[in-house]
Amino acid sequence: MGRSSKDKRDVYYRLAKEGGWRARSAFKLLQINEEFDLFTGVKRVVDLCAAPGSWSQVLSRKLIEERKEESEEANDAKIVAVDLQAMAPLPGVIQLQGDITKVSTANEIIKHFEGEPADLVVCDGAPDVTGLHDIDEYIQGQLLLAAFNITSHVLKKGGNFVAKIFRGKDVDLLYSQLKLFFPEVTVCKPRSSRNSSIESFVVCLNYSPPDGYTPTMANPLLNQDLDYSSLQGINRVVTPFMACGDLNSYDSDMTYPLQLEGEKEYQQLPPTQAPIKPPYQTACDMKKKNLLQNEQSNVKESSKDIVDDEKAKINYPTWLRGLQI
């Protein structure tokens, strides 16, 4: 296969190289912006999971370079790109190498904005897919949770949030949770996104958290020491993403000792309600009267007699009869 084979198969791959974009994913943000006009009036933007930097590159061109060409006035747009991995520098983009699940990262972002919240937060992050859709959807859902958690710390009221999702059978829970914070939640699939891919993007407009909501980095699947009793009011009402019930409870798939730490002394107890008429009632009555063991002995003796009778019916050769056991 020649070097041009991928150019032939994927037009966006080719166009990305021709346009100087770092990756074909740049077209996804460009096409989302065409539909929702995300960049108008935006001055402070955060790009989460930014490496290798194609979305940061789009932001840099649209908010800094193009505005500079259109107006001679000073452009005060600021872009902060966050990722655990380092990436090559971009004009006007502040790189922050940090963990989006940490409050310290959110504080660093606000420092770069001189104490002001962001107008827009975008996230094109995705896990290394396994090909097992259920697992990939689950991990991507957790990544979206982490992205939203830090977004709730840095996004202004009325701001917008865009993030990648993997569509699946349980994705409705993500939609319903995002609707608690954004009046308008739209799932879109840009033309540059392959039809064979389960990826889409949620575009959440006009951030409006519930009254009394306090942003938190708590992830119920990772923060095992989370004290849910400390959550009050609306902060307790809001259901965590991808979680069912209080995950501080016991694991139904795990084996525990009879004597649990911090609990009263173990004592074996009968069922609260015994079965009314179980199918094994006759066996229970026989066991109480010690008849079950006798019955089993009689069955064994009867079986032995049957085997002996069957052996007697066999016509063994004369020379073999003396060898019978």
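At a glance:
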item: Condition met for Ser193 (under 26 Å from Gln57 (Cα atoms), modelled with pLDDT of 90 or more, among the hydroxyl-bearing types (Ser, Thr, Tyr) and surrounded by 13 or more Cβ atoms within 10 Å (Cβ to Cβ)); result: no
item: Filtered residues of the stretch 183-203 (kept if touching a Lys or Arg at 6+ places or on another chain (Cβ under 9 Å) and over 16 Å from Lys28 (Cβ atoms)); result: Val185
item: Residue pairs meeting the criteria (Cβ under 6 Å; at least 6 apart or on separate chains; first at positive phi, in the stretch 43-54; second open to solvent by less than 10 Å² (accessible area, probe 1.4 Å)); result: Cys49/Cys123; Cys49/Gly125
item: Any chance Ile64 is under 24 Å from Arg22 (Cα atoms), in contact (Cβ under 8 Å) with a residue 12 or more places away in the chain, touching a Pro at 6+ places or on another chain (Cβ under 9 Å) and open to solvent by less than 30 Å² (accessible area, probe 1.4 Å); result: yes
item: Selection status of Gln57, crowded, with 21+ Cβ neighbours inside 10 Å and either under 15 Å from Val122 (Cα atoms) or out of contact with any helix residue (DSSP H, G or I) (no Cβ under 6 Å at 6 or more places or on another chain) (or both); result: yes
item: In the stretch 163-179, the residues that are part of a loop (DSSP other than H, G, I, E, B), at pLDDT below 80 and surrounded by 15 or more Cβ atoms within 10 Å (Cβ to Cβ); result: Gly168, Val171
item: Number of positions in the stretch 124-162 that are touching a residue at least 60 places away in the same chain (Cβ under 8 Å), of a type in the set (Gly, Ala, Ser) and not in a helix (DSSP H, G or I); result: 2
item: Residue ranges of strands (runs of 3 or more DSSP E) in the stretch 58-123 with at least 3 members under 14 Å from Gly41 (Cα atoms); result: 118-123
item: Any hit, the stretch 112-130, residues being surrounded by 20 or more Cβ atoms within 10 Å (Cβ to Cβ) and more than 25 Å from Lys62 (Cβ to Cβ); result: no
item: Lone qualifier among Ser196, Ser176 - being within 21 Å of the chain's Cα centre (by Cα), among the polar types (S, T, N, Q) and closer than 17 Å to Asp136 by Cβ; result: Ser196
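The values are calculated or read from the model by the stated rules, or taken from the named source; none is laboratory data. From a predicted model like this one, the values you see are computed outputs, not experimental measurements. Cβ sites come from the backbone with ideal geometry, for glycine too, and all protein chains shown count toward neighbours. Only protein heavy atoms, including side chains, enter the accessible area calculation; ligands, DNA and RNA are left aside. Shrake-Rupley method; radii C 1.70, N 1.55, O 1.52, S 1.80 Å.
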